[in-house]
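A quick write-up on the structure given underneath.
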Amino acid sequence: MKRFLAEQGRHLRRLGGTTLSTITAFLFLASPVSSAIEPYRGIAYDERVDPSLHKRKSTGVSTQAIAEATTHLLDGLSAPQRQQASFAVDSEQWRVWSNFHRSSGRLGLRLGDLSVTSRADVFELLRQSLSAKGLKLSEDIIKLNHVLGVITGDTRSFNEDEYYLALFGRPSDNEPWGFQFEGHHLVINYFILGDQVVMSPTFWGSEPMYSPPDAALPPRYQGLSVLQVERSGAKDFLASLNPEQAKKARLHGWQSFISGAGNDNAKVPQEGIRGNELQGSQRQALAALIENFVGNLREGHADIAMDEVRAHLDDTWFVARERDDGRIYYRIFSPVILIEFDEIHGTFTDHQHVHAVVRTPNGNDYGQSLLRQHLEQHPH
């Protein structure tokens with residue numbers, strides 16, 4: 001860790017003009033810290049979790065296409081590559097993810113080391129696992145990482161190759177398995193058991209948030225823009241509140257991420273305005289804001305997740321702070337979903353910089369609650 005901090009300190013000093021708060025936030029969010037080795041409990045309001053919220057059940061939505069895409073990917077790999085990509089489904093390595101741009105310590109197969117065919121197979125796996133919106137967001141985040149490399153003159157660090165795929169377990173109709181796709185500003189943890197899916201934690205971010213029009217970019221990288229609706233939707237929701245509601249929803253003081261890398265057991269305060277204090281159109285706007293994130297999951301499973309969100313909307317808390325320069329931080333917290341969104345100062349440039357995390361509170365990040373129930377019923 002000392003070596004890591006020293007390296008990043010040297011890098012940030014080369015950038016010049018970076019504030020201490022930005023450096024602190026950057027290192028906090030980027031590093032899988034000591035809590036990653038603590039026994040897993042899960043995100044919760046306090047140290048207690050409610051295991052009854054996440055039950056084994058049939059969804060009626062097939063996961064066969066995901067399994068077939070994964071099997072096809074595995075069949076195209078060499079034996080050493082398959083070994084490099086594979087981990088036990090109950091491995092603690094699920095929890096050692098990072099938003100950092102350096103690839104040291106990442107698990108699995110690096111995109112830049114794959115053949116053209118295998119690389120396409122990875123994106124076919126993502127295509128089957130995500131919605132069209134979620135796939136486009138993922139692809140655009142990866143492209144914008146290359147744009148950052150062009151802007152900074154450091155395409156060695158910021159490019160489309162430094163993303164990794166790790167597989168946990170093997171594709172199965174009735175045994176638990178999943179995958180992790182990880183790189184700078186993009187982390188997707190995806191757990192499957194039968195026809196149930198859990199996609200969390202996920203990390204979505206970018207610097208910049210859009211392709212700078214004055215940058216000399218090939219057509220592939222022009223016109224990109226990410227997480228704008230997630231930003232504007234929160235501002236529209238705030239604008240819909242009356243003065244008393246807005247006062248409740250306002251976060252006082254500077255807030256850093258609670259649920260970033262290495263914070264699987266974070267305690268999240270219930271603060272802000274609660275769903276049962278909202279009117280009909282306001283409740284719809286809050287649900288729509290949540291759906292901007294849930295909708296990155298494949299169709300069918302996203303609908304099921306949104307049904308769970310709506311069932312707990314009365315007990316959903318929203319808190320936000322708009323800064324003087326227009327940047328916004330907000331947090332949505334319910335028994336079944338946690339969303340954090342934060343516009344921060346540019347770390348490597350002066351452009352817009354955003355981080356967003358989605359988690360499943362009460363012990364079901366990485367599908368841990370479902371995995372526990374499965375292992376209790378079917379000891380291995």
Those residues of the range 152-204 which are under 14 Å from the mean Cα position of the chain (by Cα) and within 14 Å of L370 (Cβ to Cβ), in sequence order = N189, Y190, F191, V198, M199, S200
Residues that are surrounded by fewer than 17 Cβ atoms within 10 Å (Cβ to Cβ) and among the small types (G, A, S), drawn from the range 108-118 = G112, S115
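Look at the range 151-178 and say how many of its residues are among the hydrophobic types (A, V, I, L, M, F, W, C), modelled with pLDDT of 95 or more and within 20 Å of F100 (Cβ to Cβ).
3
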inquiry  = Just to be sure before I move on: is R56 of a type in the set (K, R), part of a loop (DSSP other than H, G, I, E, B), at pLDDT below 95 and surrounded by fewer than 17 Cβ atoms within 10 Å (Cβ to Cβ) in the structure I sent?
reply    = no
task = Consider F257 carefully, then state whether it is touching a residue at least 60 places away in the same chain (Cβ under 8 Å), surrounded by 19 or more Cβ atoms within 10 Å (Cβ to Cβ) and not in a loop (DSSP other than H, G, I, E, B).
result = no
task = Please work out which residue is nearest to the chain's Cα centre (by Cα), limiting yourself to the range 266-287 and to residues that are closer than 17 Å to Q255 by Cα and part of a loop (DSSP other than H, G, I, E, B).
result = A266
request  = State yes or no: is V61 at pLDDT below 95 and out of contact with any Phe, Trp or Tyr (no Cβ under 9 Å at 6 or more places or on another chain)?
outcome  = no
request  = Could you check how many residues of the range 299-316 are over 20 Å from the mean Cα position of the chain (by Cα) and part of a helix (DSSP H, G or I)?
outcome  = 6
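Using the structure shown, decide if L193 is aliphatic (A, V, I, L, M) and closer than 25 Å to V116 by Cα.
Details: aliphatic (A, V, I, L, M): yes; closer than 25 Å to V116 by Cα: no.
The answer is no for L193.
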query = In the range 239-258, is there at least one residue being β-branched (V, I, T) and closer than 22 Å to G42 by Cα?
reply = yes
message = I'd like the residue in the range 333-380 that is free of Cβ contacts under 8 Å to residues at least 60 places away in the same chain, part of a loop (DSSP other than H, G, I, E, B) and not polar (S, T, N, Q) and, out of all such residues, is nearest to L193 (Cα to Cα).
response = H378
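Each row is one residue, and each column tells you yes or no for (1) acidic (D, E); (2) out of contact with any Lys or Arg (no Cβ under 6 Å at 6 or more places or on another chain); (3) in a loop (DSSP other than H, G, I, E, B); (4) surrounded by fewer than 19 Cβ atoms within 10 Å (Cβ to Cβ).
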{"residue": "V61", "(1), (2), (3), (4)": "no, yes, yes, yes"}
{"residue": "T70", "(1), (2), (3), (4)": "no, yes, no, no"}
{"residue": "P80", "(1), (2), (3), (4)": "no, yes, no, yes"}
{"residue": "Q83", "(1), (2), (3), (4)": "no, yes, no, yes"}
{"residue": "V89", "(1), (2), (3), (4)": "no, yes, yes, no"}
{"residue": "W97", "(1), (2), (3), (4)": "no, yes, yes, no"}
{"residue": "R106", "(1), (2), (3), (4)": "no, yes, yes, no"}
{"residue": "A120", "(1), (2), (3), (4)": "no, yes, no, yes"}
{"residue": "G134", "(1), (2), (3), (4)": "no, yes, no, no"}
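The values are calculated or read from the model by the stated rules, or taken from the named source; none is laboratory data. Note that the coordinates shown come from a computational prediction; the quantities given were computed from them, not determined experimentally. Positions of Cβ are backbone-derived with ideal geometry, glycine not excepted, and every protein chain shown enters the neighbour counts.
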